[in-house]
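Notes follow the structure.
Any read-out appearing in this document is the output of simple, stated calculations on the displayed coordinates, not a laboratory observation. Source: prediction; values computed, not measured. Cβ sites come from the backbone with ideal geometry, for glycine too, and all protein chains shown count toward neighbours.
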Amino acid sequence: MATTTKTPTKAQTKTAAKSATADTKAKTNAGTTASKKAPMKEGQKEKAKSGAAKNLQDLFEDGLKDIFWAEKELLKALPKMEKNATSERLKKAITQHIEETEMHVQRLEQCFESMGQKAKAEKCDAMAGLIDEGKSIMEETEAGAVRDAGIIAAAQKVEHYEIATYGTLAAFAKVLELEKALKLLLQTLKEEKKCDELLTSLADTNLNSKAE
Ligand SMILES: [Fe+2]
Ligand SMILES: [Fe+2]
């Protein structure tokens, strides 16, 4: 095969120059950040920003606020997913999980209550991103088995995030000896895991029927 040398267009040269600059910038930034701060050592303490969690109790409460926001957002997002789904089993699974999610919100309120606090929500950027991704998937797919597969995938990412969060919060509650909160968090964790398993089985059925 003959090799042809193409002269790059003005636009191509500009783009290449731009990406090269960006590359150098990224490398320089990485270098600066790395050299600015020495690696942390075990047991080392550093002054935190104001408002930062000072101890495990603070970290636990911050986590509760995040997931409280997330669960309430899910109560708005899940009905849209249900509307977009075509599989009856998937619709049913989502409807059932909406009811469970209402309970998750109530249990979190009880968690705050058990510590003598009023429930407070703080925006959880991770969940906001997962919900946005779910919205895009629904917009970018044709209704039917493919969109159903997309909805299941998006819903499972949400469940996995919830499982990680409730697992962590339960571990914190255990160390902090917050028995009531621990019990409530474990109940929800169990339901999130069950929902995830159901979605896995629905994904298999959906993909198999599509393959047929
Ligand atoms: Fe939940
Ligand atoms: Fe969930």
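Please verify whether VAL158 is of a type in the set (Val, Ile, Thr) and crowded, with 18+ Cβ neighbours inside 10 Å, treating the condition exactly as stated. So VAL158 passes the test.
Please work out if LYS83 is closer than 28 Å to SER201 by Cβ, assigned to a helix (DSSP H, G or I) and either more than 20 Å from the chain's Cα centre (by Cα) or of a type in the set (Ser, Thr, Tyr) (or both). Don't jump to the end; show me each part of the working.
Working: closer than 28 Å to SER201 by Cβ: yes; assigned to a helix (DSSP H, G or I): yes; either more than 20 Å from the chain's Cα centre (by Cα) or of a type in the set (Ser, Thr, Tyr) (or both): yes.
Judged against the criteria, LYS83 is a match.
Residues checked against (1) in a helix (DSSP H, G or I); (2) away from ligand 2 (no atom under 12 Å from the Cβ); (3) within 21 Å of HIS104 (Cβ to Cβ):
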position: ALA143; (1), (2), (3): no, yes, no
position: VAL146; (1), (2), (3): yes, yes, no
position: GLN156; (1), (2), (3): yes, no, yes
position: TYR161; (1), (2), (3): yes, no, yes
position: TYR166; (1), (2), (3): yes, no, yes
position: ALA170; (1), (2), (3): yes, yes, yes
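Listed conditions (1) surrounded by fewer than 19 Cβ atoms within 10 Å (Cβ to Cβ); (2) of a type outside the set (Lys, Arg); (3) under 18 Å from THR95 (Cα atoms) are all met by VAL146, apart from (3).
Where residues in the range 176-192 are away from ligand 2 (no atom under 16 Å from the Cβ) and either among the polar types (S, T, N, Q) or part of a helix (DSSP H, G or I) (or both), which of them is surrounded by the most Cβ atoms within 10 Å (Cβ to Cβ)? Step through it out loud before you land on a result.
Of all residues in the range 176-192, those away from ligand 2 (no atom under 16 Å from the Cβ) come to 176-183.
Okay, now just the ones that are also either among the polar types (S, T, N, Q) or part of a helix (DSSP H, G or I) (or both), so 179-183.
Values: GLU179: 11, LYS180: 13, ALA181: 25, LEU182: 20, LYS183: 15.
My answer is ALA181.
Residue count for the range 47-77 under the criterion of being of a type outside the set (Ser, Thr, Tyr) and outside any helix (DSSP H, G or I): the result is 8. Out of ILE98, ILE151, one residue alone is within 16 Å of ligand 2 (Cβ to nearest atom), under 17 Å from GLU73 (Cβ atoms), β-branched (Val, Ile, Thr) and surrounded by fewer than 19 Cβ atoms within 10 Å (Cβ to Cβ). It is ILE98.
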